[in-house]
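The structure appears below as structure tokens.
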Amino acid sequence: MFGYRVPAPDEAMLISGGRRGHGDAPFRVVIGHGKFVLPVFRKTRFLTLAMCESEVAETCVTKQGIALTVRAVIAFKVGNDTESIVNAGQRFLSDQDQMSVLTGRIFAGHLRSIIGSMTVEEIVTERQKLATEVLETSKTEMAKIGLIVDSLQIQSIDDGETGYIEAMSSPHKAAIQRQAQIAQARATQASAEAQQEAARNQAEYSRQTAVVQAQYNAEVDRVQAQAAQAGPLADAHAQQEVLAARTELAERAASLRQQELVAEVVKPAEAEAERIRLLALADAERMKIQAAAAASYDRVALDRMLIDQLPQIVKEASAGLSGANVNVLNGADGLGEIAAGLVGQGLTILDSVRRNLGASDATGEPAGDAGSRKGASADSRRPKEDGRIGIE
């Protein structure tokens, strides 16, 4: 639109003419938006707000009187507030390149002032401290001209041909060299140890390879020897198995023959012996039964004979008493006792005869002899005295 002006994002639009701007500013400041400007009656100019750079290469003398050439880079810009824009616009609007020149000169002066109060060792080892002090001392002065410093970097410090910094660094260089030599020696030693270890490993590998090869060769030889002996060993095993089979067959044949002999000879012989033994036992039992029967018959016959002769024996006994002198002391009772004694004597004689017959059967003596001896013994026994009866 005709008469409507808009500043760039990194610019401030300054409108002069007409009503004055903020405070005592001779112009109005517009940032970030457009403004309608009457032609002919108003004049518009633009001030950059972008970042600017200024380089400084200044020779400074330290506290020790040693000249140092210091190179630094300053990054600065116009402040965003209206006051900074007004201050910068009044000083640099017609020639904005002068901002870098003036900034470099300001910082060069501050560098000389601060370095003059420091030693070379402090400057070299504490560069950040140097930059911070320069920024702090220049902040107020830079604000007066509408500029703010974003950063200050010390690029290099050079003592020319004096060699002070070189000498100062010699101990460190020596220490570094010594450490480097030590590190190199350690590296060399480590390399030598690694080579030795590699050689040992190689030797061990060669030894193991030789051992494995020898074992392999021995295994091959053993297998070949076994293969060479396999035929004879197989024949020998086969013959041994044949002999074992034949031996087992012979043992079985002998066992079978033994069983046949037992069945053909021993068993029939045992059966015949058992038959003969049973026959002998049967004959012995038969003879025993016959002998028992005969003995039983003889006893029956003898008993019968004794029974038949008992009256005669009693008669003879009574005949013996007919001429005897008998004294009866107690009348009828005494006669009864005498009769009873005679009968008892007869029975005693009969029992004695029977016992003699049994003893003769056991001892094998004739029954007649035993009977005669027993009879004599019986005859010899007579009652001599029974209290009331006496026989003479």
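Couplings for segment 34-45, taken from phi via the Karplus curve 6.51 cos²θ - 1.76 cosθ + 1.60 with θ = phi - 60°, read x, 8, 7, 10, 6, x, 6, 7, 10, 10, 10, 10 Hz in order; Gly and Pro are left as x. Taking all protein chains together and rolling a 1.4 Å probe, Lys173 ends up with roughly 80 Å² accessible. Note that segment 259-276 has calculated 3J(HN,Hα) couplings of 5, 5, 4, 4, 5, 8, 10, 5, 4, x, 5, 5, 4, 5, 4, 5, 5, 5 Hz, one per residue in order, obtained from phi through the Karplus relation 6.51 cos²θ - 1.76 cosθ + 1.60 (θ = phi - 60°); glycine and proline are x. When all protein chains stay in place and ligands, DNA and RNA are ignored, the 1.4 Å accessible-area order of Glu58, Glu272, Glu161, largest first, is Glu161, Glu272, Glu58. Taken over segment 224-266, the alpha-carbon convex hull comes to 32 cubic angstrom per residue. Using the 1.4 Å probe convention, the accessible area of segment 8-138 works out to 52 Å² per residue with neighbouring protein chains retained. Stretched out straight at 0.36 nm per residue, the stretch from Met168 to Leu279 would grow longer than its current Cα-Cα span by 25.2 nm. Using a 1.4 Å probe, how large is the accessible area of Leu249, given in Å² and rounded to the nearest 10? Ignoring ligands and nucleic acids, Leu249 comes out at about 120 Å². Computed from label points 7 Å out along Cα-Cβ, the spacing between Gln155 and Ala57 is 0.8 nm.
Sorting Val211, Val70 on solvent-accessible area from highest to lowest, probe radius 1.4 Å, gives Val211, Val70.
Charge tally around Lys35: other residues with Cβ under 11 Å, Lys/Arg +1 each, Asp/Glu -1 each, net +3.
Could you size up the charge dipole of segment 159-202 around its Cα centre, putting +1 on the beta carbon of Lys and Arg and -1 on that of Asp and Glu, and report it in debye to the nearest 20?
Using only the charged Cβ atoms, the result is roughly 280 debye.
Note on Glu251 and Lys129: the extension gain reaches 32.1 nm, defined as 0.36 nm multiplied by sequence separation minus the Cα-Cα distance.
Backbone amide hydrogens, once placed in the peptide plane, bring Cys52 within less than 5 Å of Phe76, Lys77, excluding anything fewer than 5 places away on its chain.
Could you work out how far the C-alpha centroid of segment 242-272 sits from that of segment 88-167, in angstrom? So the two Cα centres are separated by 133 Å.
Ordering Phe46, Phe92, Phe41 by accessible surface, largest first, gives Phe41, Phe46, Phe92; the 1.4 Å probe counts only protein heavy atoms, with every chain in place.
Residue-wise HN-Hα couplings along segment 199-207, as the Karplus relation 6.51 cos²θ - 1.76 cosθ + 1.60 with θ = phi - 60° gives them from phi, are 5, 4, 4, 5, 5, 5, 4, 5, 5 Hz; Gly and Pro carry x. Over 23 Å apart at the Cα level, from the set Lys63/Lys129; Lys43/Lys139; Lys77/Lys139, are Lys43/Lys139.
The values are calculated or read from the model by the stated rules, or taken from the named source; none is laboratory data. Owing to the predicted nature of the structure, the values given are computational and were not obtained by experimental measurement. With ideal geometry, Cβ positions are generated from the backbone for all residues, glycine too; neighbour counts draw on all protein chains shown. For the accessible areas, the whole protein counts, side chains as well, though only heavy atoms, and no ligand, DNA or RNA atoms are used. Shrake-Rupley method; radii C 1.70, N 1.55, O 1.52, S 1.80 Å.
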